[in-house]
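Take a look at the structure set out below.
The values are calculated or read from the model by the stated rules, or taken from the named source; none is laboratory data. Worth saying up front: this structure is predicted, and the values here are computed from it rather than measured. Using ideal geometry, Cβ is built from the backbone for each residue, glycine included, and neighbour counts are taken over all protein chains shown. Surface areas here come from the heavy atoms of the whole protein model, side chains and all, with no ligands, DNA or RNA. Shrake-Rupley method; radii C 1.70, N 1.55, O 1.52, S 1.80 Å.
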Amino acid sequence: MSLEAPSWSACLHSNRRSVPNSAALSASPLPFQLRRPRAARFPAPLFFRRDAASRVIEATTRAVLETKENAATESRSSPVRIVAVVGEGSVSPLKHAPWSEVMLHTATRMKWVNEEFEMRVFSDASCRTSDQPAAETLRDELTQADILINVAVTNQESVEWIQNNSGSIPNVISFDSSARLTSKLGGSVIDTSTQGNFFAKLVEPKEPMEIVKTVSEAWARNNSDDIRFCLLVIINAYIRPVPILKNLRSKGFSTLNCMVKNCGPQILNCLLDPNCRKALQCLNNCSPVDQVCNYRCIASYESPNLEAFSLCVLQKNNCLGLDAEIPKLPSVPPMVTFRGEEMSLELAEDLFVGWLGKLDWSWRVVAGQNPAYDQFPCQYQLFYRGKAKGSFWYEPVFQVRTLEGKLVWRRRKYRVKRATIPGTFFFSVLDNGVTSNEFWTIVDVADDLSWGLFHYSGAARAAGQSYTGAVLVSPDGQYPDEKQRERLASAMEKCGIKEWELFNVDNCSCVDPPLGIPEGSRLHSAIKVEDQKWVYSQTG
């Protein structure tokens, strides 16, 4: 039966959103037979890689993300065809959402990357002899497929059918499925029968080894971004270049020459500074595609010398030759009215200001969609108008558990400018030496300000990273009550977000957050913040 369906950031982009408690990856993961949840992890700038000269960016990264020469030069206009076969009735670890729903949503998200990425999703019931029409449809799709992904397929009849009908597909990966299902990358068969010697058993070990490792580790993180990332890595390596991955490819000696020529003092100061040196050593132990691991290193060992190092290498001299643009998709419309009043530029700013004045913060983050940036514990948002005419600021305050086990508070400062359409804004911040630019949308805010949903798309150009996400906020960090769920679901649908994608923020033990705003700052301009229990009005 067919179930056909109708955003990374730099490691130094350590703003208000991330996972502080990521689990360490297994030294020898069992590829394509993953059983337990792992923390979400994402790509990061690679100038911290160990070894000099030609290994400034490790060979590992090249193997994982550098497209084959023939694929890079090939001009291909035909679609990339992906077939997903999902175990009937199987449940994912993403808040127990059905795997069929998760993969259908993945098909939609693949289109955000490239309209030519076509993904069809089938239940493994289509493989049963009792459903011949569905089996014929699936068989036809398999004859054209570039990638087959089997998810939670354990029925032996289905397994045999897939074995008999997928021999010509060059890329086959299987997760939480029968060990009898053969995996292949680039036509090379992968032997997953022996965990300890897996990498030695690759038919072409130098080519697919790191791709297998990357895909396996990404899948184990159990989030929608990494599921899509798995497919993009395979497409990029074996089918055609994926532009959003191109920035992770090695630049070789030119990178090292640029660093030494332009940033010698900053490199030396970093190496002489214990905290900065610890950060680099820590980063060397992270996978080059592990954003959370990289961020934890940065957050644990922040220092002025580390900021100066990244500011020189990335932001000022772009030694890695990177670039990235703010994603255009999904295109999220802002809310158009509030309490029956047409949205205006001033009103939209007031909604961001939110509860500040009545409380010591504008909003607290309840949950977020991006697995790399929306999981800090104890996230406070401070929005306010500055002293200068027309100025508007956003300061997130959040908690981080360092690698040494300490709980520390971090704070960033964003400049906010109005976009043309009321309810949309441009944000910018210099964060750990790297400038990030973001486009924010006020998707919806409840009339009583009991909750709000903000969507963002951003890019750290000098770090070659782009990303998207959304945050659900409320005054107390608690989920909206049940009577608001329908409206909330509608708001998330506008963002292309499923509720099972959201990561709940830990809002316990939020002791003594360093809040407060600059003296002379202004708050609400026109809005009356009120509900049945209290009335609050302030003129800026």
Applying a 10 Å radius around every beta-carbon, put 430-436, 509-515 in order of their mean neighbour count, most first. 430-436, 509-515
Based on the alpha-carbon gyration tensor of region 337-504 and its eigenvalue square roots a ≥ b ≥ c, which shape applies: rounded if a/c is under 1.5, prolate if not and a/b is larger than b/c, or oblate? rounded
On each of the three principal axes the extent of the alpha-carbon atoms of region 427-481, given in whole Å and largest first, is 41, 19, 14
Where the Cα atoms of region 93-147 are projected onto their three principal axes, how long is each span, largest first, in whole Å? 34, 30, 14
Check residue 174: other-chain or 5+ apart residues with amide H under 5 Å from its amide H, H built from backbone geometry? 150
I want the local charge near residue 267. Using Cβ-Cβ distances under 13 Å, sum +1 for each Lys or Arg and -1 for each Asp or Glu among the other residues. +1
To the nearest 10 Å², what's residue 344's accessible area with a 1.4 Å probe? 40 Å²
In order over region 326-342: 3J(HN,Hα) from phi, Karplus 6.51/-1.76/1.60, θ = phi - 60°, whole Hz, x for each Gly or Pro, gives 5, x, 8, 10, x, 8, 10, x, x, 5, 10, 9, 9, 6, x, 9, 4
Nearest-20 debye value, region 337-504 charge dipole, Cβ charges on Lys, Arg, Asp, Glu: 800 debye
Can you tell me which of 404-412, 327-335 comes out highest on packing, and rank the rest after it, using the mean Cβ neighbours within 10 Å? 327-335, 404-412
Output for region 461-529: GluC sites (Glu not before Pro) sitting in coil per DSSP, at most 14 other Cβ within 10 Å, listed by number, reads 519
